[in-house]
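Structure, as C-alpha cells:
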Amino acid sequence: MTLSRLVVSASLGLVACGGSIPVGQGFSSTPVTATCASGQQWTGGNSESELMNPGLACRSCHLGDNFQNQNPTREAEPSKAFFFMGTVFPSVREADLCAAAVPTDTVVEILDAQDVVQFSLPVNAAGNFRSRTTAAGLTLPYKARVKSGGTVNVMASAQMDGDCNACHTVNGLNGAPGRVFLPQ
Ligand code: HEC
Ligand code: HEC
C-alpha cells in the first residue's frame with residue numbers, strides 16, 4: 001500500500017508540472033471511513049465528565065473556541081482548560097466521540113525539550129487524558145509519547161500547543177497522521 005501510494009503521488013507531482021490535475025485523479029472518491037473499535041459512542045453532550053467528547057479538541061472548547069464547528073453554542077469551561085488534553089485510540093482513524101478502550105496501563109508521557117519526562121498522564125476508559133493545571137508546567141516546546149504494554153509510540157516533533165486532538169483529528173491536521181494511537 002505504501003509503495004503504490006508513493007507511485008501515485010509521484011506521478012501526480014509530474015502531472016502538476018504539466019499544468020493540470022483532474023480533481024481526485026489517482027485517489028478514491030470515497031471518504032476514508034472512520035472506525036470505532038470499542039463500538040461505544042459518547043452520547044452525553046457537554047455534560048461534565050472525564051469521559052466526555054473523546055476525539056474532540058478538548059482545550060479549544062473549554063476555552064470557548066469553535067474548532068471545526070464542535071462548539072457552535074460557544075460553551076466554555078476555562079478553569080478546566082488544562083494545558084495537555086486529548087484522547088488515545090487503538091488505531092489511527094477512529095471516529096469522533098468513539099470511546100477509545102485502551103489497556104489500563106496506557107499512559108501519555110509529556111517530556112521537555114531535553115527528553116526528560118515531566119508528566120505521566122493516565123488514560124481513562126474513554127481514552128481521554130489530561131494534565132492537572134491550565135499552565136503548561138514546563139518550558140515549551142514539549143514532546144510526547146504513548147506507553148502501553150511495555151511499548152512506546154513517539155511523536156518525533158516538539159510542539160507548543162497541548163490540545164492534542166486539534167492536530168490529531170480523525171484524518172489529521174498540520175501533518176499529524178490522524179489520531180494519537182497506541183503503539184502498534
Ligand atoms: C464542545 C465542548 C467540549 C469539548 C469538546 C470537551 N469538553 Fe470537557 N467540558 C465542557 C464543558 C461545557 C464542561 C463543564 C460542564 C458543566 O459544568 O456541566 C466540561 C467539563 C469537563 C471536565 C470537568 C469534569 C468535572 O467533573 O469537573 C473535564 C475533566 C473535561 N471536561 C474533560 C474533557 C476532555 C478530556 C475532553 C476532550 C477529550 C473534553 N472535555 C472535551 C465542554 C467540552
Ligand atoms: C500542532 C500539531 C500537533 C499537536 C498539537 C500534537 N501533535 Fe502529535 N503529532 C503531530 C505530527 C505532525 C505528528 C507526526 C510527525 C511526528 O511524529 O512528529 C505527530 C505524531 C504523534 C504521535 C505518533 C503518531 C500518532 O499519531 O500516534 C504521537 C504518539 C503523538 N503525536 C502524540 C501527541 C500528544 C500526546 C499530543 C498532545 C499532548 C500531541 N501529539 C499534540 C502534530 C501534533
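The values are calculated or read from the model by the stated rules, or taken from the named source; none is laboratory data. Treat the numbers as computed from the prediction; the structure is a model and nothing was measured. A quick note on method: Cβ atoms are made from the backbone with ideal geometry, for glycine too, and the neighbour counts reach across all protein chains shown.
To keep it simple, each residue is scored yes or no on (1) within 16 Å of ligand 2 (Cβ to nearest atom); (2) touching a residue at least 12 places away in the same chain (Cβ under 8 Å); (3) farther than 19 Å from Lys143 by Cβ.
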{"residue": "Glu75", "(1), (2), (3)": "no, yes, yes"}
{"residue": "Pro78", "(1), (2), (3)": "no, yes, yes"}
{"residue": "Phe84", "(1), (2), (3)": "yes, yes, no"}
{"residue": "Pro90", "(1), (2), (3)": "yes, yes, yes"}
{"residue": "Cys98", "(1), (2), (3)": "yes, yes, yes"}
{"residue": "Val107", "(1), (2), (3)": "yes, yes, no"}
{"residue": "Leu111", "(1), (2), (3)": "yes, yes, no"}
{"residue": "Leu121", "(1), (2), (3)": "yes, yes, no"}
{"residue": "Ala125", "(1), (2), (3)": "no, yes, yes"}
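Considered as a group, the residues in the range 30-69 that are within 16 Å of ligand 2 (Cβ to nearest atom) and of a type in the set (Val, Ile, Thr) include one that is modelled with the lowest pLDDT, and that residue is Val32. Strands (runs of 3 or more DSSP E) fully within the range 81-184 that include at least 2 residues being of a type in the set (A, V, I, L, M, F, W, C), in contact with a strand residue (DSSP E or B) (Cβ under 6 Å, 6 or more places away or on another chain) and surrounded by fewer than 16 Cβ atoms within 10 Å (Cβ to Cβ): 151-154. When Leu56 is tested against (1) assigned to a loop (DSSP other than H, G, I, E, B); (2) farther than 14 Å from Val170 by Cβ; (3) touching a helix residue (DSSP H, G or I) at 6+ places or on another chain (Cβ under 8 Å), just one condition goes unmet, and that condition is (2).
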